[in-house]
Amino acid sequence: MNKESRITIQNVEAGSIADEAGIEPGDILVSINGEKIKDIFDYRYLTSEEALTVCIQKKDGEDWEIEIDKDQYEDLGLDFEEALMDASKSCTNKCIFCFIDQLPKGMRETVYFKDDDSRLSYLSGNYVTLTNMKDEDLDRIIRYKMSPLNVSVHTTNPELRRFMLGSRFGGDVLSKIRKLVDGGISVNTQIVLCRGINDGNELDMTISELSGLFPGMSSISVVPVGLTRWREGLYKLKPFDKAASAEVVQQVENWQKKLLEEKESRIVYIADEFYIMSEIDLPEYTDYEDFPQLENGVGLVALLKREFEEYLESFESDSAVSLFDAQRNVSIATGISVYNFIKEMTDRLEKRYNKLKVNVYPIINDFFGENVTVTGLLTGTDIAQQLKKASIGQELLISRSMLKADEEIFLDGFTLAGLSESLGVKVTVVENNGEDFINKILGKESLQGRFKLKE
Ligand code: SF4
């Protein structure tokens, strides 16, 4: 039996088609309709048929061939040991701006993994460069309708892209995106802007060529390169300052006006960080259209402010919450870049609720270096050190974005419990939305104890 086909079944949903057919955890899936299965996409594609011949090797080594008739797309009820069923494709590039190359030693191992896997792009929204994709891989994406796909472009100038990515396979991104788009795949793209390298005229050219593939190429984000203090021996890159950020904002906003007129969509969006660094007012909520680039830090502030306003307004008719008069004193630890916005919102809450006191503490990122100002890259160590003498009150609120997706652990390995112990206060995680922001500040639990909060 070839290695590709040895896929161990981890779980069988009770009452599912697979369960009724006698398939059990620990059995091996060999083939479906005579085809070997390389990963989850093969599996999904093949099981979308109505009539299946499923070959299984039982735990005792016996081979079973099971005929199944089912509805199209009906799930068999099988789970596998690894989500993708084979190892993620790792990155073979050497980007001059790679954030992973600028991480200090001693962080948790998974942080250093460089993936460049289109399946993860489809499943989790990761960005891929397409440098490790051949024609047949692109055909597979099209065949399996792995849409939308997120692609890191940076520049469409072939020579410049090969240089920026440190890959001789980096030059043909535009033709690859064109092939995907022609095959019905929707593609979101990002440009990590490096000062003096892919900005200015190069940026104009990239936006012009990418937007020419609209609507298949559905959005472009322009984000500033992240530079930590751990760049020894790496390519010298200059951070964006106030004036350079203002130029980027101006340049891209001109493109937005032009594209809005010509194509009825802005298509290209500017990361919040550029607005914050340039001290130019952020766009209105509606200017982000359907927020296609939130995961790249585009429109996060506008969205949070809108959610905050809407949730606060919903209180107007709720006398229980309007009458909220609990004595409450809490603190928020936040990145420098969004400090002003967070403070503006907490000031409004303090004005509204007389007995509420919210201390907002901007935390300097000593771990990665002070050029890194976003909240999501703050570590437990920096928060613990900088707040050890601060007056925190009843509890400290931190953003969910600082923690690992599936575990209450910071990037430096500090745990939430460790932070709480070191500061001697309760630490509460706030989800990234306006409703939870208000709920956690007011202490929804205590609110519910005193009043009945409208759900
Ligand atoms: S594609 Fe570039 S930036 Fe991304 S992980 Fe690989 S080297 Fe780093």
List the GluC sites (Glu not before Pro) in region 169-251 that DSSP assigns to loop (not H, G, I, E or B) and whose Cβ has at most 13 other Cβ atoms within 10 Å. Which are they?
E232
Using the crude model of +1 on Lys and Arg Cβ and -1 on Asp and Glu Cβ, and no other charge, please compute the dipole size for region 154-256 relative to its Cα centre, in debye to 20.
440 debye
Burial ordering of R143, R44, fewest other beta-carbon atoms within 10 Å first
R143, R44
Net charge (Lys, Arg +1; Asp, Glu -1) of residues whose beta-carbon lies under 14 Å from that of G335, G335 excluded, is -3
What residues from region 227-252 fall in the zone where the backbone N is under 18 Å from a label point 7 Å along the Cα-to-C-beta line of M205?
252
Most exposed first by the Cβ proxy, i.e. fewest other Cβ within 10 Å, how do K440, K70 rank?
K70, K440
Let me check I have the definition right: for region 194-338, take the eigenvalues of the Cα gyration tensor, multiply each by 5, take square roots. What are those semi-axes in whole Å, largest first?
34, 23, 12
With 10 angstrom as the radius, rank D287, D39 by how many other C-beta atoms surround their C-beta, starting from the fewest.
D287, D39
Per-residue ellipticity at 222 nm attributable to helices in the chain (runs of n ≥ 4 DSSP H, -39500 (n - 2.57) apiece, nearest 500 deg cm²/dmol) works out to -9500 deg cm²/dmol
State, to one decimal in nm, how far the label point of Y112 lies from the label point of K389, with both points 7 Å from Cα in the Cβ direction.
3.6 nm
When you have a sec, figure out the Kirkwood radius of region 100-298 from all distinct Cα pair distances and drop it here in Å to one decimal?
17.5 Å
Contour minus Cα-Cα distance for E136 and E67 (0.36 nm per residue)
21.8 nm
How far is helix 200-211 tilted, in degrees, relative to the longest principal axis of the Cα atoms in the chain, given as a value from 0 to 90 rounded to the nearest 10?
50 degrees
Charge sum, other residues only, whose C-beta stays under 10 Å from E431's C-beta, Lys/Arg counted +1 and Asp/Glu -1
0
With +1 on each Lys and Arg Cβ and -1 on each Asp and Glu Cβ, and nothing else charged, work out how big the dipole of the chain is about its Cα centre, in Debye to the nearest 20.
2160 debye
State the dimensionless ratio Rg/Rh of the chain (Rg: radius of gyration of Cα atoms; Rh: Kirkwood radius).
1.01
Mind checking the angle between helix 242-263 and the chain's longest principal axis? C-alpha axes, 0 to 90 degrees, to the nearest 10.
60 degrees
Looking at this model, which pairs from K94/K388; K263/K351; K343/K404; K355/K388 are more than 32 angstrom apart at the alpha-carbon?
K94/K388; K263/K351
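Only the coordinates and a few stated rules stand behind these numbers; no lab work does. Since this is a predicted model, take the numbers as computed values, not measurements. Every residue, glycine among them, receives a Cβ derived from its backbone with ideal geometry; neighbour counts consider all protein chains shown.
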